[in-house]
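Each remark here refers to the structure printed beneath this line.
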Amino acid sequence: MATTGPERGRPEQADTLEPPTRTLKRAVFFGSATLIVALSLWAIITPDGASNAIGTAVSWISSGFGWYYFLAATLYLVFVLFVALSRYGKVKLGPQHSTPDYGVFAWASMLFAAGIGIDLMFFSVAGPVTHYLTPPAGDPETLEAARQAVVWTLFHYGITGWAMYALMGMVLGYFAFRYRLPLAIRSALYPLIGRRIHGRGGDAVDLAAIIGTIFGISVSLGIGVVQLNYGLRFLFDIPEGVAAQLGLIALAVLMATVSAVAGVDRGIRRLSQLNVLLAILLMGWVLVLEGPAQLLNALILNIGDYISRFPAMTLNTFAYDQPVGWLNDWTLFFWAWWIAWAPFVGLFLARISRGRTIREFVAATLVIPFLFTLTFLSVLGNSALNIVRAGNTAFGETAMNTPEQGFYGLLAQYPGVTFSAGLATFVGLLLYVTSADSGALVMANLSSRLPTPITDAKPWLRIFWALATGLLTMAMLLVGGVDALTSATIIMGLPFSFVMFAIIWGLYRALRIERFRDDALRTTLPSSLSERTGALTRGHAPGSWRHRVTRMLSYPGRRAARRFVDDVCRPALTEVAEELREQGLDATVTEEPDDRVDIPHLSLRVPMGPEQGFAYRLRPRENQTPAFAIRSVAEHDTYLRMEVFLPEGGQGYDVLGYTRDQLIGDILDQYERHLEFLRLHREVEPGQVLPDHASRHTDAPPEEHD
């Protein structure tokens, strides 16, 4: 695999899952690659024609679909909050027994850095200054305009956009790690079109995701090229122009290629953590020099304004007096940009969030990056406004008309500008590269058929997408600079916004299945308890309460576990399978060796035609003996548990020490629960075929992917 292993919760037997080959989705790859190369060459050969066509398309979209972008962005946010706050929030992005692959800091760093690029520095000064000098409503250069200026910037970088990332991330993580479907956009449509996601419909969805992604990333890279080009001129007097920008694109593509090939752990994670630390240092530098007290007061005011004004801003289409130019340059562009980035960032976030609950994932995605973004924009934006409001109109005009100069112009107001400008250039380069390498990795994975969700595409494919992104960025810069990139994003984000609504419907239908599982457990619990309580009335025989106490206080070793498998597990599963076969069912018992503990895994499987089959698996797990055990415990003393695994993952309980009758009772309890689940599901969703958790990528049992 490309990854070297997570900080904790490393999947057991992960090294056995490395696929022998990773194949190309030919329709997705050649279709998207041909379109991107053709558009790039068209823009390079006839820049005027490309510019006119892009302008016409943007005018049509803004006049006919401007309202739609506002409504869609709001509905995405409402749905994400609904899922996180409902009973579905406790569902994990993976089997119930899975644990997170990354620690909190590494995870939070990648959450932030994957979704924010160098554009944060670009707009942290240009945004507030522009909204202050030319607000969408009201008089410019007033106290109210200053308050609106920062809040509009926070709004465009706020939880509405991060909700789009959260939506895609939880959808992809849920279907990939819980249902064993590919980590691809098409998987989210399984509840709607079933196995047809592996055909042309799925190819079309993934192709649209790649097109939107590469244009979204190209905006960041185009902004980064312009920003870094000016930074090099500011620091080293390197002239601005096409030659320098092409050199920067080549450098970024090279660094992105090295990082993307290195993989998530060795490349992207380390760059992400470094990004966060250096960005905090840069923000702290401005905070200290401008005056902490005033900026912290402004930060608290901005938070209050954002919270109080957000409901009105989120659906404010300015219907009675529309500032069309402002809407195209800001709100419509940002919503289209977030949508374009959503497949790429969402897929990457899903890739690093296995084992998190939906509620935990949504809370972290909406809060952690936004808190940093809010603080960064408030500190930098209010510092810039202080300079403009103090009478420096030249700085204000520069920041508004040439945004790439605004950030460096702000740093030039304070001592130590060589250090701060150098740091800003380095941070910008890292943010630039992090966006490019994450995007190359994700687009390569989208255009590959990968046997497991934790497998990455071949290195040559990641290199290709890094080069393709650089080519498109260069082409759009030749057409019309950053403006051409922003306009192209508004166009390319529209088709995928419709796909996102289909994804919402697919996720909702799948989550209802989770409710059916809970309801099935509740409705079958009385019969399960009646059999268990009956077992407690048999005096001192095995199955009595004294036997139960003995089992709870014992910590059996391998010899006892092997004896339990031979005397209880194998006979119990075989007996149940024989009875089910007599009833006309094709029940089978299989065994798989486990060299680590020399105790086999036993499985009882009952196929059910088009319905999701039943599988009851007993798997040995070795654990450290607790210090409170009655017997003496050595430093490396361990004991064995025989844990139950079902199609949806590990159930977390141990049956070692059960009698044969008790184990048979547990098997039948789970079988009855499965039948009740299918009944409930069929009553509400007639005709829908459920994904078979246990047979997506391979014939391996579910937990071996975790």
Query raised in the report: Per the Kirkwood formula on distinct C-alpha pairs, the Rh of segment 459-502 is how many angstrom?
Result: 12.0 Å
Query raised in the report: Counting only residues 5 or more places away or on other chains, whose amide H sits under 5 Å from the amide H of Arg449 once H atoms are built in the peptide plane?
Result: Thr23, Leu24, Lys25
Query raised in the report: What are the residues whose amide H is under 5 Å from the amide H of Ala587, where those residues sit 5 or more places off or on another chain and H is modelled from the backbone?
Result: Arg581
Requested in this report: Would you mind calculating the gained length between Leu553 and Leu85 on full extension (0.36 nm times residue separation, minus the Cα-Cα distance), in nm to one decimal?
Outcome: 164.6 nm
Report summary line: Checked segment 25-179 against the a/c 1.5 cut and the a/b vs b/c comparison, axes a ≥ b ≥ c from its Cα gyration tensor; verdict oblate
Query raised in the report: Is the shape of segment 270-407 rounded, prolate or oblate, going by the alpha carbon gyration tensor and its root eigenvalues a ≥ b ≥ c, with a/c under 1.5 for rounded and a/b larger than b/c for prolate?
Result: oblate
Query raised in the report: Sorted by packing (mean other beta-carbon atoms within 10 Å per residue), highest first, where do 285-291, 484-490, 74-80 land?
Result: 484-490, 74-80, 285-291
Query raised in the report: Quick one: which of 598-608, 355-365 comes out on top by average Cβ neighbours within 10 Å, and what's the full order, highest first?
Result: 355-365, 598-608
Report summary line: So for segment 356-395, using the alpha carbon gyration tensor with a ≥ b ≥ c as root eigenvalues (a/c under 1.5 gives rounded; past that, a/b versus b/c decides prolate or oblate), I'd call it prolate
Report summary line: Note on segment 33-517: C-alpha Rg/Rh, Kirkwood Rh, two decimals, gives 0.95
Query raised in the report: How far, in nm, would the chain grow between Trp460 and Phe30 when pulled straight, counting 0.36 nm per residue and subtracting the alpha carbon separation?
Result: 153.3 nm
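Dipole size in debye (nearest 20) for segment 112-236 around its Cα centre, Lys and Arg Cβ +1, Asp and Glu Cβ -1?
800 debye
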Query raised in the report: Hey, got the dipole for segment 265-376? About the Cα centre, +1 on K and R Cβ, -1 on D and E Cβ, debye to the nearest 20?
Result: 680 debye
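Just need the relative contact order of segment 33-517 here, percent rounded to a whole number, with Cα pairs under 8 Å and 6+ apart.
Relative contact order comes out at 37 percent.
Quick note: the coordinates plus some simple rules give every number you see, no bench work behind them. The shown structure was predicted, so the numbers you read here are calculated from the model rather than taken from an experiment. Positions of Cβ are backbone-derived with ideal geometry, glycine not excepted, and every protein chain shown enters the neighbour counts.
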